[in-house]
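Below is one structure; the comments refer to it alone.
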Amino acid sequence: MLLGVIGKPNTGKSTFFKALTLADVLIANYPFATIKPNHGMGFVKIDCADSFFNVQCNPREGFCINHKRFVPVELIDVAGLVPGAHEGKGMGNQFLDDLNQAHALIHVIDAAGSTNEKGEPVPANSYDPVNDVKFLEEELDYWYAGILKRGWEKFARKIQQEQSDVAKALGKQLSGLRVTEDMVKEMINTLKLDPVKPANWTEDQLMQLSTMLRKRTKPMIIAANKIDVSGAKQNLERLKKQFPDYVIIGCSAESELALKEAARHKVIEYTPGENKFTILSDKLNDKQKQALQFIQELLDQNGSTGAQEIINKAVFDVLQYIAIFPGGLNKLEDQYGNILPDCFLLPPKTTALQFAFNIHTDLGEHFIKAIDVKTKRAVGKEHLLKNLDVVEIITSK
């Protein structure tokens, strides 16, 4: 799974990315500090299945703290986008193309209104962050439309002359954006487009199709950053009212990064997403103490920095993915003695057979049945798995 971190320059986007991944990225207070995309690994937080069995897991990837499992998710941080990005402004086309394979997008905005439309610092609350949501939607829609309409006349004429299936052809042409034939077919029906004569589709209809495809293939969650700045919370409430279809969460990427770095250096003990931390070092100076006190007050007010909640909701609410553990009815360990070492993040409505193929092709090809390890119940190949299931695959060999 790949999540794209996007937004205007100077909104704290790279700070947010680093807070989730601890990757070594450039963080600077000027537009286009990021040029090449940054890749890193973030983690979603779930209740680990090990607590159900009263054991301690040994993750092969990620980690587990107090029976809270952190499962890796790939993140990409692209350079800041500005109005006109789809036309190439600010190298926008290049940055947009970096997002092709993203399953979902995390749009980081400056909720404090301290960054103008060009990504330049301005006094707090002097710019309306509502504009950023609108501008990014528009840029993404025009980006999709640009890809869709590239060579459209020739493409449409060929479809009509050869009497080809336009949904199949478009699905193949746009597969790099995670578009499928079934999606295109559904949207052609919704928009009442003539599937036999795509050359007659109007500019407006192509734009509508682009918007629908963008919403389906690049669902978005909004990270309202700099929530610790005065006035940001009022802007957050306004954003939620104006964009009720979006999941919008206030966050302080700077605070999350400070906590992660302090924990990495064993200054504090901190579990991401929690509302408190424990100071371990007695060698803090006054400035460090004040900074940690400020962050604790933020945690008391908001319940967390918001960063962990954002990546969790992107995966489990926006994409509606589920976390599944492979495990044996009589043995939860792998051949090396590691307990529940793996956890898979899978799309909704994943069947037992699809899960088997995700683990290994041989398991899918020789599938006989699956066992729900928690309930000890045998299930068939079409059985739909639930979040946090522990499943054993029984094969013919």
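The values are calculated or read from the model by the stated rules, or taken from the named source; none is laboratory data. These numbers were taken from a predicted model, which means no experiment stands behind them. Virtual Cβ from ideal backbone geometry, glycine too; neighbours counted across all protein chains shown.
Does residue 124 satisfy the condition of being buried (at least 20 other Cβ atoms within 10 Å of the Cβ) and either modelled with pLDDT of 90 or more or touching a helix residue (DSSP H, G or I) at 6+ places or on another chain (Cβ under 7 Å) (or both)?
Details: buried (at least 20 other Cβ atoms within 10 Å of the Cβ): no; either modelled with pLDDT of 90 or more or touching a helix residue (DSSP H, G or I) at 6+ places or on another chain (Cβ under 7 Å) (or both): yes.
In short, no.
Among the residues of this structure, residue 311 does not count as one that is surrounded by 14 or more Cβ atoms within 10 Å (Cβ to Cβ) and more than 30 Å from residue 218 (Cβ to Cβ). Pairs are defined by a Cβ separation below 7 Å, a sequence spacing of at least 6 or placement on different chains, a first member in region 329-347 that is in contact (Cβ under 8 Å) with a residue 12 or more places away in the chain, and a second member that is of a type in the set (Asp, Glu) and surrounded by 14 or more Cβ atoms within 10 Å (Cβ to Cβ); the pairs so defined are 329/392; 339/50; 339/333; 340/50; 341/334. Return the pairs, sorted by first residue and then second, in which the second residue is of a type in the set (Asp, Glu), the first residue lies in region 206-220 and is under 22 Å from residue 151 (Cβ atoms), the beta carbons are less than 8 Å apart, and the residues are 6+ apart or on different chains. Note: pairs meeting the criteria are 207/141; 210/141; 211/141; 214/141.
Of all residues in region 54-68 being in contact with a strand residue (DSSP E or B) (Cβ under 8 Å, 6 or more places away or on another chain) and assigned to a loop (DSSP other than H, G, I, E, B), which is nearest to residue 374 (Cα to Cα)? Reasoning before the result, please.
Kept after step one, since they are in contact with a strand residue (DSSP E or B) (Cβ under 8 Å, 6 or more places away or on another chain), are these residues of region 54-68: 55-59, 61-64, 67-68.
Within this subset, residues satisfying the condition of being assigned to a loop (DSSP other than H, G, I, E, B) are 55-59, 61-62, 67.
Values: 55: 14, 56: 16, 57: 16, 58: 19, 59: 19, 61: 23, 62: 23, 67: 17 Å.
The qualifying residue nearest to residue 374 (Cα to Cα) is 55.
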